[in-house]
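Read the structure below first, then the notes.
The values are calculated or read from the model by the stated rules, or taken from the named source; none is laboratory data. In this text, all values refer to a predicted model and were calculated from it rather than measured experimentally. Every residue, glycine as well, gets a Cβ built from its backbone with ideal geometry; the counts of neighbours run over all protein chains shown.
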Amino acid sequence: MNTTASASVFGAVHLGYIVIETDRFGDWRRFGADAIGMHHDDLDTGLMRFRLDDQECRFLLRRGPAEDVVATGWHVDDHATFERIEARVRARGVPVRQGTADEARTRGVERLLRFPGPKGITQEIYTTPSTSPDALRMLASGWVTGDAGLGHVAITSARPTLMRGYFDTVFDARLTDYIDETISGVKLKIRFLRVNERHHSIAIAAVRGLPIDPVRTRVQHLNIQAAGLDDLARSYQRVHELGFDMALSVGQHTNDKELSYYARTPSGFEWEVGWNPVVVDEATWQPSTHRGISIWGHTPVGQTIIDKLDQFRLGARSLARPEKTVPALSGAGIPDD
């Protein structure tokens, strides 16, 4: 690989948007706009978007049966960084496709490239997001984006070292820390990866010692960061009042110290609204391992023994459904430190 392609892109990449495929548009509109408090725009009968800031698109919902995240979009700072990432992917023989004008328009971006990602989630890179002149119409006072990006994506995996290797190869992701957790007797190891100042843009959870994936959807949860504590509290209240399921009550994480709660989306994966996580200082940060995901709170809401049994059944089924990986971009994976 040439020197240009191998130069680090860390700090010049930011989680920019998420593409979700769903047939539950009415429920998603109520969930995103009326409960969480985001700005909502209908594009046509098969497309709608949510905004958090002046960018035209932070969440793109398109009609379809998946009920899942189907793509993640990464904003890169400039064309040189865009071409550096493209060169990495092409050099390893992975197919890439230029986004069409219509795809770029619906995502509100200038230049778009698409290529395969872990678990079948298409990875997209883009430059120069379009901004909207229209004032935000939303219940929240604001959301934290900027250089830290949109928030984060959490994924469960039976092949965590390959997934970590993928994001290291493509985006020069750095390990922030680990969490070891035991839930209902199942031991989990969670790896947290950052690509900029945000504590993590990607979290990868794996069952220790077992090659199973206990989650039906490609993602376990998405995260957005509220501008104020009042925004978090009021959205929590609206989720309850509008009858959406709460997965985990308000609590505080051990590693990034974020205060948050988890609601269940109409598509089944979870949605974390957080506030005030730590910002990584690259000069001093050292990876460490934390015991348990929470200092306090984050207790399951309304979970029954049937829910737990269903989760174990999903894990057993995953043994017969090999997880999609992109070996050419994952290398041999990165072993735990």
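Figure legend. Inter-residue proximity from region 262-275: first residues in a strand (DSSP E or B), second residues among the basic types (Lys, Arg), beta-carbon distance below 7 Å, spacing 6+ or different chains. Indicated pairs: Glu270/Arg264. Here Val215 does not fit the description of being under 12 Å from His152 (Cα atoms) and in a loop (DSSP other than H, G, I, E, B).
Going by the conditions given, is His221 closer than 25 Å to Tyr126 by Cα and without any contact (Cβ under 8 Å) to a residue 60 or more places away in the chain? Against the criterion (closer than 25 Å to Tyr126 by Cα and without any contact (Cβ under 8 Å) to a residue 60 or more places away in the chain), His221 does not qualify. Tell me yes or no: at least one residue of region 196-205 is in a helix (DSSP H, G or I), among the basic types (Lys, Arg), modelled with pLDDT of 95 or more and touching a helix residue (DSSP H, G or I) at 6+ places or on another chain (Cβ under 8 Å). No; the residues of region 196-205 include none that is in a helix (DSSP H, G or I), among the basic types (Lys, Arg), modelled with pLDDT of 95 or more and touching a helix residue (DSSP H, G or I) at 6+ places or on another chain (Cβ under 8 Å). Could we say that Leu222 is farther than 25 Å from Val280 by Cα and either in the same structural domain as Trp275 (by TED's automatic domain parsing) or among the acidic types (Asp, Glu) (or both) here? So Leu222 does not fit the description; no. Only residues that are within 18 Å of Glu323 (Cβ to Cβ), out of contact with any Asp or Glu (no Cβ under 6 Å at 6 or more places or on another chain) and part of a strand (DSSP E or B) were counted across region 141-171, and they come to 3. If the condition is being surrounded by 19 or more Cβ atoms within 10 Å (Cβ to Cβ) and either closer than 17 Å to Gly292 by Cα or without any contact (Cβ under 8 Å) to a residue 40 or more places away in the chain (or both), then region 179-198 contributes Ile179, Ile190, Arg191, Phe192, Leu193. Say whether the condition of being in contact with a Lys or Arg (Cβ under 7 Å, 6 or more places away or on another chain) and part of a helix (DSSP H, G or I) is met by at least one residue in region 172-191. Checked against the condition, which is being in contact with a Lys or Arg (Cβ under 7 Å, 6 or more places away or on another chain) and part of a helix (DSSP H, G or I), region 172-191 yields no hits at all. If you go through region 171-195 and keep only what is of a type in the set (Val, Ile, Thr) and in contact with a helix residue (DSSP H, G or I) (Cβ under 6 Å, 6 or more places away or on another chain), you end up with just Val195.
When restricted to residues that are surrounded by 15 or more Cβ atoms within 10 Å (Cβ to Cβ), out of contact with any Ser or Thr (no Cβ under 8 Å at 6 or more places or on another chain) and either of a type in the set (Lys, Arg) or at pLDDT below 95 (or both), region 94-127 contains 2. For Asp68, the criteria (1) surrounded by fewer than 19 Cβ atoms within 10 Å (Cβ to Cβ); (2) among the acidic types (Asp, Glu); (3) touching an Asp or Glu at 6+ places or on another chain (Cβ under 8 Å) hold in every case but one, which is (1). So, Leu113, is that one in the same structural domain as Ser294 (by TED's automatic domain parsing) and not in a loop (DSSP other than H, G, I, E, B) or not? The answer is no for Leu113.
Listed here are the residues, each with its yes/no results for (1) at pLDDT 95 or above; (2) among the β-branched types (Val, Ile, Thr); (3) surrounded by 19 or more Cβ atoms within 10 Å (Cβ to Cβ).
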| residue | (1), (2), (3) |
| --- | --- |
| Val9 | yes, yes, yes |
| Ile18 | yes, yes, yes |
| Phe31 | yes, no, yes |
| Met38 | yes, no, yes |
| Thr72 | yes, yes, yes |
| His75 | yes, no, yes |
| Glu83 | yes, no, no |
| Val89 | yes, yes, yes |
| Arg92 | yes, no, no |
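Out of the residues in region 239-257 that are free of Cβ contacts under 8 Å to residues at least 40 places away in the same chain and part of a loop (DSSP other than H, G, I, E, B), which is nearest to Arg198 (Cα to Cα)? Looking at residues that are free of Cβ contacts under 8 Å to residues at least 40 places away in the same chain and part of a loop (DSSP other than H, G, I, E, B), I get Lys257. Assess whether Asp42 counts as being outside any loop (DSSP other than H, G, I, E, B) and surrounded by fewer than 14 Cβ atoms within 10 Å (Cβ to Cβ). Taking the combined requirement at face value, the residue satisfies it.
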